[in-house]
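Every number in this text was worked out from the coordinates using simple rules, so none of it is lab data. What you see is a predicted model; the values in this text were computed from it and never measured. Every residue, glycine as well, gets a Cβ built from its backbone with ideal geometry; the counts of neighbours run over all protein chains shown.
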Amino acid sequence: MAEDIRLRGLSPNTLESYTTHARIFLEFCGHRPIDQLNTEDIRRFLLHLIHEKKVSPGTVNVYSAAIRFLFAVTLNRTLNYLQIPRQKKRKTLPEVFTKDEVFSILEGCRNLKHRAMLTVVYSSGLRVSEAAALKIHHIDSKNMRLFVQNGKGGKDRYTLLSGTCLSVLREYWKAYRPAHPEGWLFLGTYNVSHITSAGIEYAFNEAVKRTNIRKQASIHTLRHSFATHLLEDGATLLQIKSLLGHANVQSTTIYLHLANMPSGVASPLDNHSTDARFEVSSHA
């Protein structure tokens with residue numbers, strides 16, 4: 001299965017995810033011979049995830065995708081996909097920080113390295129894995145842009161490099177001077193490789209604890225906040241789509257629901273408030 005994933009050029013994250021989820025499925029089936037497993041075993045496992053493990057629809061779909069790949073590609077067996085449908089996901093709006101909340105999180109960082117990592121995530125709208133894999137030469141201070149190599153879907157792109165972020169990165173460089181043959185910007189434990197996504201998430205969680213913010217947020221909330229604040233400041237959806245690296249503009253339109261309405265826009269009811277039929281009696 002790992003060979004099939006590598007032959008398709010899928011990402012290391014997909015490789016780890018698919019093989020791990022497929023292994024959990026096989027363990028659930030009691031390590032029975034794989035040629036004896038069928039659609040009913042898959043259904044039984046997915047229902048176990050839904051009713052007993054209480055996992056989210058998104059997680060169920062990841063398991064389903066891994067199992068489908070195992071059967072259809074690696075085992076070359078035909079499945080009746082109508083019998084193992086994908087879970088319908090409820091479309092919820094993500095949490096977003098205000099600009100003041102973002103600044104309080106950055107101020108809550110306990111050291112310069114943590115502040116540099118979170119600053120670049122927010123100011124450039126990066127996924128946490130993209131921030132972890134940044135290299136020194138990805139910082140293009142001449143053109144004030146940041147290069148994202150091998151982002152989601154294996155795509156390269158450029159995004160914004162904030163002047164404030166550049167100042168923080170230069171201060172970080174003077175203090176830490178990360179040296180590694182691969183040129184990683186943020187080194188992990190023992191300086192063997194770049195920092196992990198979990199390491200940046202830890203820095204974020206610790207910084208949030210030092211604030212009064214009580215929102216159900218994650219490191220990815222900084223990326224949502226970047227896009228929302230850009231939209232509020234006048235950027236177009238197509239510009240934001242390009243900066244975020246979205247494959248489809250429909251993914252970007254969610255920020256229309258998160259951004260505050262521009263000043264001067266009022267409800268049509270308020271525009272007709274002088275109508276006598278809608279006047280509120282002073283004796284009411």
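Residue by residue, what Karplus-based ³J(HN,Hα) values in Hz, rounded to whole numbers, does region 183-199 have, using 6.51, -1.76 and 1.60 with θ = phi - 60° and x for Gly and Pro?
After applying 6.51 cos²θ - 1.76 cosθ + 1.60, I find x, 4, 6, 10, 7, x, 4, 6, 6, 7, 8, 6, 4, 8, 4, 4, x Hz.
Once you sort the root eigenvalues of the Cα gyration tensor of region 99-258 as a ≥ b ≥ c, which label holds: rounded (a/c under 1.5), prolate (a/b larger than b/c) or oblate (the other case)?
Oblate shape, in that a/c is at least 1.5 and b/c is the bigger or equal ratio.
Which of Phe69, Phe103 has the fewest other C-beta atoms within 10 Å, and how do the rest follow up to the most?
Taking fewest neighbouring Cβ atoms as first place, the list is Phe103, Phe69.
How would you order 88-97, 128-137 from highest to lowest mean count of nearby Cβ atoms within 10 Å?
Ranking the peptides 88-97, 128-137 by packing returns 128-137, 88-97.
Which whole-number percent of Cα pairs in region 2-83 have a distance greater than 20 Å?
When all Cα pairs of region 2-83 are counted, 30 percent exceed 20 Å.
Straight-line reach from Lys54: which lysines have a Cα under 20 Å away, not including same-chain ones fewer than 8 places off?
Partners found: Lys88, Lys89, Lys91.
Between the DSSP loop rule and a limit of at most 16 other Cβ atoms within 10 Å, which GluC sites (Glu not before Pro) in region 182-267 are left?
Glu182
Rounded to whole Hz and in sequence order, give me ³J(HN,Hα) for region 30-44 from the Karplus expression 6.51 cos²θ - 1.76 cosθ + 1.60, θ = phi - 60°, writing x for Gly and Pro.
So the J values, rounded to whole Hz, are x, 6, 5, x, 5, 6, 8, 7, 9, 4, 4, 5, 5, 4, 4.
Looking at Tyr18, Ile42, Ser56, which one has the Cα that reaches farthest to the positive end of the dipole of region 2-83 (charges on Cβ: Lys, Arg +1; Asp, Glu -1)?
It is Ser56, whose Cα lies furthest towards the positive end.
Run the quick spin-label model on Leu7 and Ala175: label points 7 Å from Cα toward the beta carbon, then report their separation in nm to one decimal.
For the pair Leu7/Ala175, the computed spacing is 5.0 nm.
Choose one of Asn76, His224, Ile136: the residue whose Cα lies farthest towards the positive end of the charge dipole of the chain (beta-carbon charges +1 Lys, Arg; -1 Asp, Glu; about the Cα centre).
Of Asn76, His224, Ile136, it is Asn76.
From the phi angles alone, apply the Karplus equation (6.51, -1.76, 1.60; θ = phi - 60°) to region 53-64 and give each ³J(HN,Hα) in whole Hz, x where the residue is Gly or Pro.
3J(HN,Hα) across region 53-64, in whole Hz: 7, 6, 7, 6, x, x, 5, 4, 5, 5, 4, 4.
Using modelled amide H (1.01 Å from N, peptide plane; none on Pro or chain starts), what sits under 5 Å from the amide H of Lys135, excluding residues fewer than 5 places away?
Result for Lys135 returns Leu185.
Show which lysines lie in cross-link reach of Lys174 when reach means a straight Cα distance below 22 angstrom and same-chain residues fewer than eight apart are skipped.
Partners within reach: Lys113, Lys135, Lys142.
Could you pull out every residue, at least 5 positions away or on a different chain, whose amide H is within less than 5 Å of the one on Arg145? Hs are placed 1.01 Å off N in the peptide plane, and Pro or chain starts have none.
Those lying under 5 Å, H to H, from Arg145 are Asp140, Leu161.
Counting each DSSP H run of 4 or more residues in the chain as -39500 (n - 2.57), what helix-only mean residue ellipticity at 222 nm follows after dividing by all residues, to the nearest 500 deg cm²/dmol?
Mean residue ellipticity at 222 nm (helix-derived): -14000 deg cm²/dmol.
Calculate how large, on average over all directions, the projected area of the Cα convex hull of the chain is; give the answer in nm² to one decimal.
Approximately 22.9 nm², given one-decimal rounding.
Taking the Cα centre of region 2-83 as the origin, how large is its charge dipole in debye, to the nearest 20, when only Lys and Arg (+1) and Asp and Glu (-1) carry charge on their Cβ atoms?
Dipole magnitude for region 2-83 comes out near 140 debye.
With charges set only on the Cβ (+1 for Lys and Arg, -1 for Asp and Glu), what does the dipole of the chain come to about its Cα centre, in debye to the nearest 20?
In total the dipole reaches around 460 debye.
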